[in-house]
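Derivation of every value follows stated rules applied to the coordinates shown; laboratory data play no part. No experiment lies behind these values; they were computed from the predicted model shown. Glycine gets a Cβ as well: all are built from the backbone with ideal geometry, and neighbour counts include every protein chain shown.
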Amino acid sequence: MGLILNPRAFDTVFMQIIQIGNMPDFVESVTSHRARLLEALFVVLVGSCAACAQAGDKNVYDVEYHAEFLPAEGEALVTLEVGQDNGLLRELNFDVPEQRYSDFRGSGSLRRDGSRVIWSVPPRGGQLTYRVLVNQLRGNAHDALITGNWAVLRLDDLFPPARSRSDVGSYSSASLTLSGPAEWSFETGYGRVDTAVQVVNPDRRFVRPVGWLVAGELGVRRSEIAERQIVVAAPTGESFRRMDILAFLNWTLPDLVSLLPTFPDQFLVAGGNRDMWRGALSGPNSIYLHPDRPLISENGTSTLLHELVHVAMPDPPAQGDDWIAEGLAEYYSLTVLRRSGGISQHRFESAFLKLKAWAERDNGQLADPSTGANTAFATLMFRDLDRELQAAGSGLDPIVAQFFADRQINRHRLRDLVENALAGPSKVLQNVMPAH
């Protein structure tokens, strides 16, 4: 049975409550926030009803994820607790190389097969524990690091991918808790983790926490921008420019969200220190950014905006089509900067001249993986495609919005959408991506 929340009935009760006694200031204050209170009540009631429905759903099993940070050991102790009473989940098969994941223990049976560990889950649930070496190099610098005062890494590293064997139609209800030294706090793309938080992914039957995590003694700034909850967090004393980032997002994120409504409702920018990898890396609901990375580079591009476009992509591109993701991310990082007033039209055009020189010098092409001159070439292709579409009375914006909404990031779907908009073949696509 669905929940019906009648705003008129709410108003009647609402006014009766706040008008008890003579409290005009209180009435004025609360009345001004009526819409938010109504929304909050709706969320609470829907959440409660969902929880009740789930509690009675015999196809649901619980997975509680917990990680305890051990700075002195450079490790995290991970616990997975599976709650079930009907044997829905039978097996989890993890990708856990021995050099990073160790000391597996659990109820039921465990065995290692090369880089994989297979856990046979008891019919009435059970517990699995293991240790994770936190520090991880990307080239010559860390993209995951733990110190005595803080840690920055992906939740994906703590809770690695697993193949699950379960009853047909069954799925998990997942929650996340984190702990460490007494003075530590924890920020994730799911929000601050001071009590258990729900981990939701409607596309997965077996859900695990993913995205960036920053933990420890933190400086944190929060804001609501473009109806999205934004958190910028980094270890204290590391000169991470939190307010600069919020100001940058205040003028650019509304344009990006308007273009790509698939951008998540909640989002974390996680910063590390200067010894970490000198770039930016996107993840679900989150991004890592090096403290020294400029918000806008001298050539007019923005690494932060580039990665934010990746965050809005609901799925990775199909194999062989990484150039689509990278080309769109670079093209729209420049386009959003221009539309929001961050750069002039002259600098916008100048940036493309530099990309063209780069692509020609290093023989850029549509490639997977796409980096450097190849990404420059793909960016130019999307600029030309946008011009072709605009000349026909359309544009790239609605194509990309539909592209992301369809969750089919591949060349075939791109071609179909473009040809539908043009009512015929695209000369730009034919030149660089001949039809087979």
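Would you mind estimating how fast the stretch 296-436 diffuses translationally, via Stokes-Einstein at 4 °C and 1.567 mPa s with the Kirkwood radius over Cα pairs, in µm²/s? Provide the component values of the computation, followed by the final result.
On the way: Rh = 15.1 Å.
Estimated via Stokes-Einstein, D reaches 86 µm²/s.
Can you tell me the alpha carbon radius of gyration of the stretch 225-332 divided by the globular rule-of-thumb value 2.2 N^0.38 Å?
On the way: Rg = 13.6 Å, N = 108, 2.2 N^0.38 = 13.0 Å.
The stretch 225-332 yields a ratio of 1.04.
Could you work out the mean projected area of the convex hull around the alpha carbons of the chain, in square nanometres to one decimal?
Across all orientations, the chain yields a mean hull projection of 27.1 nm².
When the expected Rg is taken as 2.2 N^0.38 Å, what fraction or multiple of it is the alpha-carbon Rg of the stretch 177-233? It would help to have the intermediate numbers written out before the result.
Details: Rg = 12.7 Å, N = 57, 2.2 N^0.38 = 10.2 Å.
This ratio for the stretch 177-233 stands at 1.24.
How do E360, E64 rank when sorted from fewest to most other Cβ atoms within 10 Å of their own Cβ? Before the final figure, lay out the partial values.
Working: E360 13, E64 17.
In increasing order of surrounding Cβ atoms, one gets E360, E64.
At a 10 Å Cβ-Cβ cut-off, how would you order S185, S344, fewest neighbours first?
Numbers: S185 17, S344 12.
So the ranking, lowest neighbour count to highest, is S344, S185.
Springs between alpha-carbon pairs under 10 angstrom, Gaussian network model over the chain: which of P425, P294, P181 fluctuates most?
P425
Given a Förster radius of 45 Å and the C-beta distance between D85 and E419 as r, what FRET efficiency does 1/(1 + (r/R0)^6) yield to the nearest 0.05?
Working: r = 53 Å, r/R0 = 1.19.
It comes out at approximately 0.25.
Assuming 0.692 mPa s and 37 °C, estimate D for the stretch 141-274 with Stokes-Einstein, Rh taken as the Kirkwood radius over Cα pairs, in µm²/s. Please report the intermediate quantities before stating the final value.
On the way: Rh = 16.3 Å.
This corresponds to a translational diffusion coefficient of 202 µm²/s.
For the chain, give the share of DSSP beta bridges that are antiparallel, in percent and rounded to the nearest 5; count only bridges with both residues there.
On the way: 67 of 86 bridges.
Around 80 percent of the beta bridges assigned by DSSP in the chain are antiparallel ones.
What is the distance in Å between the Cα centres of the stretch 123-164 and the stretch 309-345?
A separation of 29 Å, based on Cα centres.
Please compute, for the alpha-carbon atoms of the stretch 60-293, the extent along each of the three principal axes and give them in descending order in Å.
52, 40, 32
Taking only complete DSSP H runs, can you tell me which helices of the chain stretch 30 Å or more along their own long axis by Cα positions and average at least 1.0 on the Kyte-Doolittle scale? Write out the running numbers ahead of the final one.
On the way: long enough: 34-55 (31 Å, 1.33).
Qualifying helices, which must be both long enough and hydrophobic enough, are 34-55.
Can you give the FRET efficiency for L70 and N299, using 1/(1 + (r/R0)^6), R0 = 45 Å, r = Cβ-Cβ distance, to the nearest 0.05? It would help to have the intermediate numbers written out before the result.
Numbers: r = 43 Å, r/R0 = 0.95.
Once the sixth-power term is evaluated, E becomes 0.60.
Do you know the relative contact order of the stretch 320-430, to the nearest whole percent, from alpha carbon pairs under 8 angstrom that are 6+ apart? Can you show the working numbers first?
Numbers: 120 pairs, mean separation 31.0, N = 111.
After rounding, I find 28 percent.
May I ask you to derive the relative contact order of the chain, considering only C-alpha pairs under 8 Å and at least 6 residues apart, and to give it as an integer percent? Walk me through the intermediate numbers first.
Details: 808 pairs, mean separation 41.7, N = 436.
Relative contact order comes out at 10 percent.
May I ask you to sort E183, E91, E73, E238 by Cβ crowding, counting other Cβ atoms within 10 Å and putting the fewest first?
On the way: E183 9, E91 15, E73 12, E238 18.
With the fewest neighbours first, E183, E91, E73, E238 line up as E183, E73, E91, E238.
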